[in-house]
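For reference, the structure discussed in these notes is given below.
The values are calculated or read from the model by the stated rules, or taken from the named source; none is laboratory data. Source: prediction; values computed, not measured. A quick note on method: Cβ atoms are made from the backbone with ideal geometry, for glycine too, and the neighbour counts reach across all protein chains shown.
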Amino acid sequence: MALWPDSLPTYPDDGAYTELLPNSLLITPQDIGPPKVRRRGTGFPSIAKVSYTLTQAQVATFTSFFLDSVEGGSEFFRWPHPRLAYDVEARFSTIPTVSSAGYDLFVLSTELELESNEEATAGWFFVGWFTDWF
């Protein structure tokens, strides 16, 4: 699994981090009365909206990471979570945008899908390990 590059910032810009907690509700309309609401499960990802101010060299590092290490955003990687203060599994849920912020500075903005259920990821490891024996 790829790791967030060491040369990139570990914390998003001030005021440039928003986390949308998992939505695991299933709402079923009823013929009469209020809709039924229940929880579908616990293995739903959070979404983090982040922005980083990068130098031109850091943009080149990020571009290489995005295109090669995580194959255009299709693979999970270890990302330093700013609120939890430890690495979590993340995957790009939108294509990152890079915009100019002045001389040799650029703003990288994207959304990340965060795996919040460590038991679910451990279960996938077990399934993969188990099926390798057969």
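Residue by residue, here is whether (1) surrounded by fewer than 15 Cβ atoms within 10 Å (Cβ to Cβ); (2) in contact with a helix residue (DSSP H, G or I) (Cβ under 8 Å, 6 or more places away or on another chain); (3) at pLDDT below 85 holds:
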site	(1), (2), (3)
97	yes, no, no
108	no, yes, no
116	no, no, yes
122	yes, no, yes
128	yes, no, yes
133	yes, no, yes
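Being among the charged types (D, E, K, R) and assigned to a strand (DSSP E or B) is the filter here, so list the residues in the stretch 77-92 that pass it. Reasoning before the result, please.
Applying the first criterion (among the charged types (D, E, K, R)) to the stretch 77-92 yields 78, 83, 87, 89, 91.
Once the filter is applied, which keeps residues that are among the charged types (D, E, K, R) and assigned to a strand (DSSP E or B), the stretch 77-92 yields 78, 87, 89, 91.
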Count - residues of the stretch 74-99 that are touching a strand residue (DSSP E or B) at 6+ places or on another chain (Cβ under 6 Å) and of a type in the set (Ser, Thr, Tyr): 4
Complete set of residues in the stretch 19-37 that are surrounded by 10 or more Cβ atoms within 10 Å (Cβ to Cβ) and either modelled with pLDDT of 80 or more or assigned to a strand (DSSP E or B) (or both): 19, 20, 25, 26, 36
Boolean, residue 46 is under 19 Å from residue 76 (Cα atoms) and surrounded by fewer than 12 Cβ atoms within 10 Å (Cβ to Cβ): no
Qualifying residue in the stretch 38-56 (condition: under 30 Å from residue 98 (Cβ atoms), modelled with pLDDT of 90 or more, of a type outside the set (Gly, Ala, Ser) and outside any strand (DSSP E or B)): yes
Selection within the stretch 57-71 - surrounded by 12 or more Cβ atoms within 10 Å (Cβ to Cβ) and either assigned to a loop (DSSP other than H, G, I, E, B) or polar (S, T, N, Q) (or both): 58, 61, 63, 69, 70
